[in-house]
Amino acid sequence: MALLIKDDCINCTVCEPECPNSAISAGDGVFVIDSDKCTESVGHFESSQCIDVCPVDCIVPHPSRVESPETLQEKYRRLVADPSS
Ligand code: SF4
């Protein structure tokens, strides 16, 4: 599944540069994750890099974007082939 940043984000900016897919950006009040680009770091790392660094543990699985490891791997391959997709 893709990941979701909850409203208790403190806008520390730490997660943004850690995302290997450049899926994280400043949003309206809190940082946001582009679900179409989020692979939970699958294809790059063994664990989700944003979750690893977030100081307030406000990044969680997106409840409406449940995706299997295989689907995340396919998303990773698509993004590598066409980063703008
Ligand atoms: Fe928000 Fe956590 Fe990212 Fe900091 S690391 S900007 S608190 S989601």
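What list do you get for SER25, SER41 if you sort them by fewest beta carbons within 10 Å? Don't skip to the end; give the middle numbers.
On the way: SER25 12, SER41 22.
So the residues, fewest neighbours to most, are SER25, SER41.
The tail of the calculated P(r) for the chain beyond 15 Å holds 53 percent of all Cα-Cα pairs. Across region 24-35, rounded Karplus estimates of 3J(HN,Hα) from the backbone phi angles (6.51 cos²θ - 1.76 cosθ + 1.60, θ = phi - 60°) give 9, 8, 5, x, 8, x, 9, 5, 10, 10, 6, 4 Hz, Gly and Pro being marked x.
Think of the chain as a dipole: +1 on every Lys or Arg Cβ, -1 on every Asp or Glu Cβ, centred on the Cα centre; then among SER64, SER47, CYS15, SER64 lies furthest on the positive end. Compare SER22, SER48, SER64 in a GNM of the chain, Cα atoms joined below 10 Å, and give the one with the largest fluctuation. So, out of SER22, SER48, SER64, the one fluctuating most is SER64. Compared with the dominant principal axis of the Cα atoms in the chain, helix 69-81 is inclined by about 80°. Near LEU3, the amide H atoms lying under 5 Å from its own belong to GLU40, HIS62; only residues 5 or more places off or on other chains count, and H is placed 1.01 Å from N. Here the chain is assigned +1 on the Cβ of each Lys and Arg and -1 on the Cβ of each Asp and Glu. Its dipole about the Cα centre then comes out at about 200 debye. When the GluC sites (Glu not before Pro) in region 17-46 are filtered for DSSP coil states and for at most 10 other beta-carbon atoms within 10 Å of their beta-carbon, the remaining sites are GLU46.
Just check region 39-81 against the gyration tensor rule for me: Cα atoms, a ≥ b ≥ c as the square roots of the eigenvalues, rounded for a/c under 1.5, and otherwise prolate or oblate depending on whether a/b exceeds b/c.
On the way: a/c = 2.73, a/b = 1.52, b/c = 1.80.
The shape class here is oblate.
Sorted from fewest to most neighbouring beta carbons within 10 Å, what does the list THR71, THR39, THR13 look like? Don't skip to the answer; put the middle values down first.
On the way: THR71 13, THR39 26, THR13 10.
Exposure proxy ranking, most exposed first: THR13, THR71, THR39.
The alpha carbon centroids of region 22-83 and region 1-19 are separated by 10 Å.
Bear in mind that the values in this text are calculations on the coordinates, not laboratory data. Note that this is a predicted model, so its numbers are computed, not measured. All Cβ positions, even for glycine, are placed from backbone atoms using ideal geometry, and neighbour counts span all protein chains on display.
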